[in-house]
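Read-outs throughout are calculated quantities, based only on the coordinates presented, and are distinct from any laboratory measurement. Treat the numbers as computed from the prediction; the structure is a model and nothing was measured. When we count neighbours, we look across all protein chains shown, and the Cβ atoms used for this are built from the backbone with ideal geometry, even at glycine.
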């Protein structure tokens, strides 16, 4: 099981601290008092860095990590046969990961490397029994790079998540604009007309305008329910969502190819399928309807075609009626497809009516 970073770093720090203490007790170093003093400061700074660093202001963070780096570097030379040598590498990695300033992080890493190297010479001069190679201390600052990379990756992930949230908000805003905005504006126009007609003494025409406003309200409510359903359906795979829509409307369905598509693309395809199936049911009752979903390397294509009904062949007048009746929904779908770099065709094709939308993947 992979531990998250929030658990991994504290666990590693505590394990190294415990092992270091045990090793210093069982195998006391030659410079005992100095080693224990440095070790105590390092452990205190390490524990603060992993458990309380985020609660400190920027200067407090720099101070804690500065102590962590500058005291763990000599521990590298004072206790080379213990787990304490790992502290300086953890410290420089923490500097790169936690500190806002790259310059401060790199500066502390360079100082840690230099101090670790110098500490080997000082420890030798003080008579320490075990001295690591002086050049090994130069590697102490290298983990700052991994800390910086980790920080950049976390920042990029946060930015991507924020962008996804903004895209989702934009998608919902377009749904509200397309559905609710159109219905409310139509209702307002009809009610203004009814008010004007009533003031002119034309009560019958005013009542008709009110009835048209009511019809728009009912239609808008249905469209809003469809939009909410589409938003929920977008969590399903696109093929499954379109297949369920086709089944609900009694249409045949077939799909070719497969592959992932973006949420915005999937949502547009689902909305186009809903619009086309609703229009087919309304204007060609009893017609056989087929829904085809095709995935190609560069395009996802949805086609909804009906045969115009069992008892008739669609003529020019029928096509004009279909285009006028379903105009607003189709116009909205066409605009949305064009915003995504795609295109939409809606018109007579063969014996019936076809709606086809193509969107880039």
Distance between the C-alpha centers of region 62-78 and region 86-151? Whole Å please. 8
Rounded to the nearest 500, the 222 nm mean residue ellipticity computed for the chain from DSSP H runs (n ≥ 4, each -39500 (n - 2.57)) alone is -22500 deg cm²/dmol
In percent, how large is the relative contact order of region 5-141, given Cα pairs closer than 8 Å and 6 or more residues apart? 25
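Length gain on complete extension for the stretch residue 125 to residue 217, per 0.36 nm per residue less the alpha carbon to alpha carbon distance?
On the way: separation 92, 0.36 × 92 = 33.12 nm, distance 9.03 nm.
Gain on stretching residue 125 to residue 217: 24.1 nm.
Work out, step by step, the length gained on full extension between residue 240 and residue 185: first 0.36 nm times the residue separation, then minus their alpha carbon distance; give nm to one decimal. Please list the in-between numbers first.
On the way: separation 55, 0.36 × 55 = 19.80 nm, distance 3.43 nm.
16.4 nm is the gain from fully extending residue 240 to residue 185.
Suppose R0 equals 30 Å; then what is the FRET efficiency for residue 167 and residue 256 from their Cβ-Cβ distance, rounded to the nearest 0.05? Spell out each step's value before the answer.
Numbers: r = 28 Å, r/R0 = 0.93.
For R0 = 30 Å, the calculated efficiency reads 0.60.
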How far is helix 5-26 tilted, in degrees, relative to the longest principal axis of the Cα atoms in the chain, given as a value from 0 to 90 rounded to the nearest 10? 10
Once the Cα atoms of helix 203-233 and of the chain are each reduced to a long axis, what angle between those two axes, in degrees from 0 to 90 to the nearest 10, is obtained? 40
Degrees separating the helix 238-248 axis from the principal Cα axis of the chain, which is the longest one: 30
Distance (nanometres) between label positions extended 7 Å along Cα→Cβ at residue 101 and residue 51: 2.9
Radius, Kirkwood style, for the chain when every pair of distinct Cα atoms is counted (Å): 26.4
Relative contact order of the chain (C-alpha contacts under 8 Å, at least 6 apart) in percent is 10
